[in-house]
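Below is one structure, written out as structure tokens, with a few remarks after it.
Where a number appears in this text, it was derived from the coordinates with a stated rule and is not lab data. None of the values given here were measured: they were computed from a predicted structure. Ideal geometry is used to build each Cβ from the backbone, glycine not excepted, and the neighbour counts take in all protein chains shown.
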Amino acid sequence: MTSKTWRTEFKRLWGELVPSQGQAKTVQGELVRAAGRLSDEAYRNGNINFGKNHKMLCEFIRKNLEDPTVFNVEEIEEIDRCIDEILDAEHPDIRGSASCHYRLAEKVVRWCELKPDLIPHEPNPALRI
């Protein structure tokens with residue numbers, strides 16, 4: 001998938017699945033929201049506000065995106081490495097298209113494409129972003 005294609009699809013998914021406030025009602029929407037929130041914090045704020053809520057988003061992505069029905073072992077290992085890199089909040093990965101944020105967002109789009117039937121998401125009451 002080209003950079004332009006996944007970005008366009010990410011924006012479409014955001015518009016369709018992510019509410020203006022709060023958590024998404026579907027796993028697909030929450031994955032898109034989580035990837036977007038993590039990327040926004042790194043690029044816009046340099047992770048200055050990165051905290052437990054961002055860590056919860058990382059773990060949500062890890063739990064749901066590391067799906068062997070969608071990704072092979074190498075891709076799952078890359079997802080894991082990217083999440084670990086994002087969790088290193090003191091050194092935000094903001095290299096543009098080479099960043100873990102971009103690679104995770106692209107993987108989120110791919111996961112959503114291969115899981116088109118919306119999966120209900122139970123909001124995490126502890127999550128505040």
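Backbone geometry of segment 13-23 corresponds, through the Karplus equation with coefficients 6.51, -1.76 and 1.60 at θ = phi - 60°, to 3J(HN,Hα) couplings of 4, 4, x, 8, 10, 9, x, 5, 9, x, 7 Hz, x marking Gly and Pro. A cut-off of 5 Å between modelled amide H atoms, ignoring neighbours fewer than 5 places along the same chain, links Thr26 with His121.
The distance linking segment 14-30 with segment 45-60 is 18 Å (Cα centroid to Cα centroid, whole angstrom). Here the sum of -39500 (n - 2.57) over DSSP H runs of 4 or more residues, divided by the residues of the chain, equals -20000 deg cm²/dmol at 222 nm, to the nearest 500. Counting only cysteine Cβ atoms and a cutoff under 4.7 Å, the chain contains unmatched residues Cys58, Cys112.
Which peptide among 51-61, 113-123 comes first, and what is the full order, when sorted by highest mean count of other Cβ atoms within 10 Å? Mind dumping the intermediate values first?
Numbers: 51-61: 17.5, 113-123: 11.7.
With the highest mean Cβ count within 10 Å placed first, the list reads 51-61, 113-123.
Working from label points 7 Å from Cα in the Cα-to-Cβ sense, the Val73 to Arg12 distance is 3.4 nm. Average 1/r across all pairs of distinct alpha carbons in the chain, invert it, and you get the Kirkwood radius: 14.6 Å. Working from label points 7 Å from Cα in the Cα-to-Cβ sense, the Ser20 to Asn124 distance is 2.6 nm.
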